[in-house]
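The values are calculated or read from the model by the stated rules, or taken from the named source; none is laboratory data. The model shown is predicted, which means the values in this text are computed figures rather than measured ones. A quick note on method: Cβ atoms are made from the backbone with ideal geometry, for glycine too, and the neighbour counts reach across all protein chains shown. The protein model used for the area step is the full one, side chains on, heavy atoms only, and it has no ligands, DNA or RNA in it. Shrake-Rupley method; radii C 1.70, N 1.55, O 1.52, S 1.80 Å.
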Amino acid sequence: MEDNIDEKRNEMIAELKATLEELENGEELSSFVGGHGLMSRVFEFKWNETALEIDFRLPYALILKDEEAQNEDDAEIGAAIRMAILLLTVEGMKEERLEGLRLSVWADGTGVGYAIRDGEGNLVDSDNDWSGLVHRLEEALPEGEETMSVIWP
């Protein structure tokens, strides 16, 4: 069962990397796009495991927005994709010191945030900024492991 989850996680990381490449090349996203119409399209990514929940829903390719605003939306989506890749990577390398914790990470059109809870559901840490979380995740990676910068515009 664990191998199946690892395989699914690795497939998702590969799909996220391909989506990030599309975004960075200015191409239309082929995955993770929801909504319809001129002003309701969104980048959507959800992941739910025992210890990790990701819920991203960010504006994407809203026709009535000016180019600058669309570029800002794309930059936020890029940061969210990088965060998802980092989260899935760290989850796949889970160390004993992370056991028993549940991490929830979210992003939407109004902002970002995270919450870490212990096994009893008590809040260990939370913030409406990802910088503290990124630092925690980078510390969880083994030394020499490749990291990906998550830059929130």
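Odds and ends about this structure:
- Condition check for G119: surrounded by fewer than 16 Cβ atoms within 10 Å (Cβ to Cβ) and outside any helix (DSSP H, G or I): yes
- Among the residues of segment 98-109, at least one is at pLDDT below 90 and of a type in the set (A, V, I, L, M).
- Any hit, segment 41-50, residues being part of a loop (DSSP other than H, G, I, E, B), over 19 Å from T89 (Cβ atoms) and more than 15 Å from the chain's Cα centre (by Cα): yes
- Residue within segment 63-77 that is among the hydrophobic types (A, V, I, L, M, F, W, C), touching a strand residue (DSSP E or B) at 6+ places or on another chain (Cβ under 7 Å) and either assigned to a helix (DSSP H, G or I) or open to solvent by less than 20 Å² (accessible area, probe 1.4 Å) (or both) present: yes
- Residue pairs meeting the criteria (Cβ under 6 Å; at least 6 apart or on separate chains; first within 16 Å of R82 (Cβ to Cβ) and free of Cβ contacts under 8 Å to residues at least 24 places away in the same chain, in segment 1-25; second in a helix (DSSP H, G or I) and not basic (K, R)): none
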